[in-house]
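Enquirer: There's a structure below that I have some questions on.
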Amino acid sequence: MKKYQINNFKENVYYEKLKNGLKIYVVEVKNKHNFSAMLSVKFGGCFEKVKINNKEYKLKTGIAHFLEHKMFERKDDPFKFYQKFGTDVNASTSNDYTGYYFIGNKSFEKSLKYLLNWIETLDINDKQVEKERGIILEEASMYKDNPDRVLYNKVKENTFKVDPYKNKVIGTDEDIKTISKDDLELCFNNFYTPDNMTLIVTGNVKPKKVFEIAKENLSKLKKNKNKVEKVTEKEPDEVAKEYEEIRMNVETPKVAVSYKINKNKFKDLNISSFELDVYLHSLINISLGSTSKIREKWLKKGLFTSSFYRISETESHYTIEFYATTNKEKELIKNLEAYLKDLQIDEDSFEREKKLWIAGEVKLVDSPLNILYSILDDVLDYGDYITDKISKIKSLDFQILEKLKAKNLFENEAIVKILPNKK
Amino acid sequence: MELKRINKNYYTLHLINTTKFKTVLVKVVFSSKIKEEELAIRNMLINNLLFSSKNYKTAREMAIKKEELFSAELYSRNYRRGKAIITEVNLVTVHDKFSEKGIINESIKFLFDVLTNPNVENNMFDKSAFKINYENLKTAIISEKEDPNFVCYSKFKELIGKDKIFTTSIMGTEEMLNKITRDNLYTYYKNFFKNNKIDIFVIGDINNQQIENQISSCFNPKSNISNFPEASSSYEKEFNEKSEESKFNQSKLIMGASIKKLTNHEKLYEGIIYNIILGNSPNSKLFQNVREKNSFAYSISSSINRLDGMFVIHAGISLKNYEKTKEEILKQIENMKKGKFTKKEVKDAKEVVLSVIKEVEDFPRAILDHYFNHLYLGNETLKVQKEEIKKVTKEDIIKLAKKINIDTIFLLKEDGNEEISN
């Protein structure tokens, strides 16, 4: 069990990797009633082609999410178990992982033991799979009414050609309709193994006790005997589809412009992935965020009513995605494309940007659940939790930001528009 | 945690001293009786005040200032509680210990500067800021119509036929918005402090005297209102069922019941337990029977709204399942009256409430919300709440269940003509 101080705070993170490969992180936050725990499995919407003992399988889209639903099928119902203590329990599936978690303030030890044993077995029959299909298809149908979600999914689909990141986590209707018990069991047996899991516990807990319980309950789990590999095809730098319009029940058009950037572009900067993330966010926030001159100019011209950006990454690429709700979508895109050729940045803004990141780190520690997610994100993005972010942020260098800016980042573009139904 | 309440001339200052958090939260609350003609303008005012000010002329200057203050968060919330409208302006700032000396003071100064020095010239709000905020609010009002849940709920409330104030969006309507000008917004501002009860809450690791002096020196409103407005309302209705067409992919169903016959104690305690057992948890009767057992619906939940005097069930369904879903819901409501639930279910539901009460103390916002509800909206202290919840029995729930009868059903139908696409 190793101990690291989080920034200059009084809170520490305790870490250990069990022999079977399971990683455990614990943060005790004193003065809190609540605790939260998540067991995350590295298996999500982005898993499409896999090799198991050198045999290739093409997984159906939406299978990780379907499996998440089916994990709740147990004789001792998880919802019933946790409600006894008034504890919330749930799960979520993203592109990269499936996480099972609880948040509560009573009977921590029993709660943790349950979580750890829960994830060990899958016991389902065909009838139960059939029933779940109906529920998931309803869920998918609900998402089709949400224009923001439709836009987000379409941007992924049109930006990527072969990377499974292009798929919706919930899957296509056709795939949801054909996922079988055997499909689910194959995934469970090969991905729900300790060497593919991370346990994170935060809040009102004693670290020693957490490790004790985890070892007692998880040490018997064996590493996966099968050799499981994700098959990755080379994703080209070009986008899959440069332009698309969708008609929907919206009052004001929504538009997204996505840029795809090969990660190799940043190799010469010689900086860590975390630093690159901060620089990239800073570059966009300084030049296009709420303190930028251009945003003010565009707001005055009424080029949009609301907007935000998102930076995502796959194994090979970054995407920088701009979203806006606007009645002047053509003019906005024209202005954006022109401005991206020469983004405006300055050193004062960069210094303020650092304050923003520092404040973010301070606020995290006030919420056990937020620290949990911060650790999870780090583990997925960087392989480990970064505990000294504040000192790393303080030492960032404006010259590197300028170098980053000088790179031609905005070559490969995909535009998606959601326009009101024709009346 | 130590609480101090100070009655100033025109506002009440509430200071909660605690070392639990790394941030300081300041909340300024304006409360008054809700009036239809005020809905849109109240939003416009608060949005304009927080958008720019005399000293920070543009949204950009405001944003720069906030970043300098270690990313101070300044945000508002405008909400209805029964017949009262409550407008909050919140400031969250990182404690000096984790940023730089003087950040808390500087942030508080900034907050009150924003409230008292609006971006006004010649008795009119700034033109460009006004226009942007007008467009934003307009878009927000219009996009509510894109949300099937909102659309269905509004139509449902119209069907109950309470005051119009109750069915109109808290943001107002486009017609109301169109009546607002830069001058009449300023006139409204000049009377705003006068026409609202004002409370200021500060929670964090603070020096009480210093905070009190600082706020006195920068905020001197002249409010005429010293009492919190009466909030609770109720309705009564003959049975009514209606449906309407829509363009959405999924149908939405709402079934509602008046809780006028419930005692105040039942609304505060037994009603909460009833709601959890029937429809507000994954173990609930509705979730288990309507969704899990029969796959009639993807989403189903219930809620009890004490101050509006109603109990409501929401479901997202396929149109073909409408009759079956309705029958199943009605059957579950009948079963509650017959006592077809276990003592264990009552116990588990109580644990859920006790857990929620306990976690209030973990979050500055939750502490202030609880304290505000206790002061003005009839909730009891956390300690009393815990005791009263523990006392609830199965018999109490049956007694209450017998008073709950669905009186209004509204169905928003999915678009049957459109092909479902991915």
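Readers should treat all values here as calculations from the given coordinates under stated rules, not as data from a laboratory. Note that the coordinates shown come from a computational prediction; the quantities given were computed from them, not determined experimentally. Neighbour counts are summed over all protein chains in view; Cβ atoms, including those assigned to glycine, are modelled from backbone coordinates with ideal geometry.
Enquirer: So, with +1 on the Cβ of K and R and -1 on the Cβ of D and E, and no other charges, what is the size of the charge dipole of chain B about its Cα centre, to the nearest 20 debye?
Expert: So the dipole magnitude of chain B works out to roughly 1060 debye.
Enquirer: Right, here's the next one. Of all the stretches in chain B, which is the longest one without any exposed loop site, taking trypsin sites (Lys or Arg not before Pro) in a DSSP loop (any state but H, G, I, E, B) with at most 10 other Cβ atoms within 10 Å?
Expert: Longest site-free region, per DSSP loop and neighbour criteria: B:102-221.
Enquirer: Rounded to the nearest 0.05, what FRET efficiency do A:S180 and A:S92 have when you use their Cβ-Cβ distance and R0 = 22 Å?
Expert: Approximately 0.40, to the nearest 0.05.
Enquirer: Also: Can you tell me the dipole magnitude for segment B:252-372 around its Cα centre, using point charges on the Cβ only (Lys, Arg +1; Asp, Glu -1), in Debye to the nearest 20?
Expert: Computed charge dipole of segment B:252-372: roughly 520 debye.
Enquirer: Taking square-rooted eigenvalues a ≥ b ≥ c of the alpha carbon gyration tensor, is the protein assembly as shown rounded, prolate or oblate, where a/c under 1.5 means rounded and, failing that, a/b exceeding b/c means prolate?
Expert: It comes out rounded by the Cα gyration axes.
Enquirer: Here's something else I'd like to know. How large are Rg and Dmax for segment B:39-166 when calculated on the C-alpha trace, in angstrom?
Expert: For segment B:39-166, the Cα-based Rg and Dmax read 17.9, 56 Å.
Enquirer: Then there's this: Which of the three applies to chain A, rounded, prolate or oblate, going by the alpha-carbon gyration tensor with a ≥ b ≥ c and a/c under 1.5 meaning rounded?
Expert: It comes out oblate by the Cα gyration axes.
Enquirer: Run the paramagnetic zone check for B:S226: 7 angstrom along Cα to Cβ, then residues of segment B:6-41 with backbone nitrogen under 11 Å.
Expert: Under cut-off, by backbone N: B:8-11.
Enquirer: Moving to a separate point now. Once you place label points 7 Å from the Cα toward the Cβ at B:E61 and B:N213, how far apart are they in nm?
Expert: Here the modelled spin labels are 3.0 nm apart.
Enquirer: A follow-up question, please. Per residue of chain A, what 222 nm ellipticity follows from adding -39500 (n - 2.57) for every DSSP H run with n ≥ 4, rounded to the nearest 500?
Expert: -12000 deg cm²/dmol
Enquirer: Checking a compactness column here: for segment B:279-422, what do you get for Rg(Cα) / (2.2 N^0.38 Å), N being the number of residues?
Expert: Cα Rg divided by the expected 2.2 N^0.38 Å: 1.25.
Enquirer: Determine, from the Cβ-Cβ distance of B:K194 and B:D113 and an R0 of 22 Å, the FRET efficiency 1/(1 + (r/R0)^6), rounded to the nearest 0.05.
Expert: 0.65
Enquirer: For chain B, which span is the longest to avoid every loop-located (per DSSP) member of GluC sites (Glu not before Pro) having at most 15 other Cβ atoms inside 10 Å?
Expert: Value returned for the longest uninterrupted segment is B:246-379.
Enquirer: Which entries of A:K106/B:K261; A:K417/B:K54; A:K334/A:K422; A:K222/A:K265; A:K209/B:K97; A:K10/A:K265 show an alpha-carbon separation above 28 angstrom in the structure shown?
Expert: A:K106/B:K261; A:K417/B:K54; A:K222/A:K265; A:K209/B:K97; A:K10/A:K265
Enquirer: With unit charges on the beta carbons (Lys and Arg positive, Asp and Glu negative) and the dipole taken about the Cα centre of the protein assembly as shown, which residue among A:L186, B:A140, B:I398 sits farthest to the positive side?
Expert: Most positive-ward Cα: B:I398.
Enquirer: So if each residue of separation counts as 0.36 nm, and I subtract the Cα-Cα distance between A:S312 and A:D268, what length gain in nm does that give?
Expert: Once the chain is fully extended between A:S312 and A:D268, it gains 13.8 nm.
Enquirer: Eigenvalues of the Cα gyration tensor times 5, then square-rooted: what semi-axes does that give for chain B, in whole angstrom, largest first?
Expert: Working from the Cα gyration tensor, I get semi-axes of 41, 28, 20 Å.
Enquirer: Amide H neighbours of A:G86 under 5 Å, counting only residues 5+ apart in sequence or on other chains, H built in-plane at 1.01 Å?
Expert: So A:G86 has HN proximity to B:V352.
Enquirer: A further question follows. Would you list B:T23, A:T159, B:T263 from fewest to most Cβ contacts within 10 Å?
Expert: B:T263, B:T23, A:T159
Enquirer: With each pseudo-label sitting 7 Å past Cα toward Cβ, what's the A:A406-B:K390 distance in nm, one decimal?
Expert: Label-label distance for A:A406 and B:K390, simple model: 7.0 nm.
Enquirer: Show that you can apply the helix-only estimate: for chain B, add -39,500 (n - 2.57) for every DSSP H stretch of four or more residues, divide by all residues, and state [θ] at 222 nm to the nearest 500.
Expert: So the calculated ellipticity at 222 nm is -12500 deg cm²/dmol.
Enquirer: What FRET efficiency, computed as 1/(1 + (r/R0)^6) with R0 = 45 Å and r the Cβ-Cβ distance, is obtained for B:T19 and A:K422, rounded to the nearest 0.05?
Expert: The value I calculate is 0.15.
Enquirer: Here's another thing I want to ask about it. Report the local net charge at A:N125: Lys and Arg +1, Asp and Glu -1, summed over other residues whose C-beta lies under 13 Å from its C-beta.
Expert: Neighbour charge sum, excluding A:N125 itself: -1.
Enquirer: Another one. Quick one: which of A:K389/B:K4; B:K285/B:K347; B:K83/B:K237; A:K254/A:K341 span more than 27 angstrom between C-alpha atoms?
Expert: A:K389/B:K4
Enquirer: Rounded to the nearest 20 Debye, what is the dipole magnitude of the protein assembly as shown about its Cα centre when Lys and Arg each give +1 and Asp and Glu each give -1 at the C-beta?
Expert: Its charge dipole is roughly 1840 debye.
Enquirer: I would also like to ask the following. Loop-only check: which trypsin sites (Lys or Arg not before Pro) in segment A:34-115 are DSSP coil with at most 14 other Cβ within 10 angstrom?
Expert: A:K75
Enquirer: Build a GNM of chain B with springs between Cα atoms under 10 Å: which of B:I165, B:I86, B:I132 gets the top mean-square fluctuation?
Expert: Of B:I165, B:I86, B:I132, the most mobile in the Gaussian network model is B:I132.
Enquirer: List residues of segment A:87-121, by number, whose backbone nitrogen lies under 11 Å from a label position 7 Å along Cα→C-beta of A:N217.
Expert: Of the residues in segment A:87-121, A:102, A:108-120 have backbone N under 11 Å from the label point off A:N217.
Enquirer: If you bin every alpha carbon distance in segment A:182-314 into 10 Å steps from zero, what whole percent lands in each bin?
Expert: Here the calculated profile for segment A:182-314 is 7, 20, 23, 25, 18, 7, 0.
Enquirer: Let me ask something else. Using +1 at the C-beta of Lys and Arg and -1 at the C-beta of Asp and Glu, which of A:Q128, A:Q399, A:V365 has the Cα lying farthest in the positive direction of the dipole of chain A?
Expert: Positive-most Cα among the choices belongs to A:V365.
Enquirer: Note the full-extension length gain between B:K237 and B:N9 as 0.36 nm times their separation in residues minus their Cα-Cα distance, in nm to one decimal.
Expert: 77.6 nm
Enquirer: Using 16 Å as the cut-off for backbone N distance, which residues of segment B:259-292 belong to the label zone defined by a point 7 Å from the Cα of B:K338 along Cα→Cβ?
Expert: Correct set: B:285-286, B:289.
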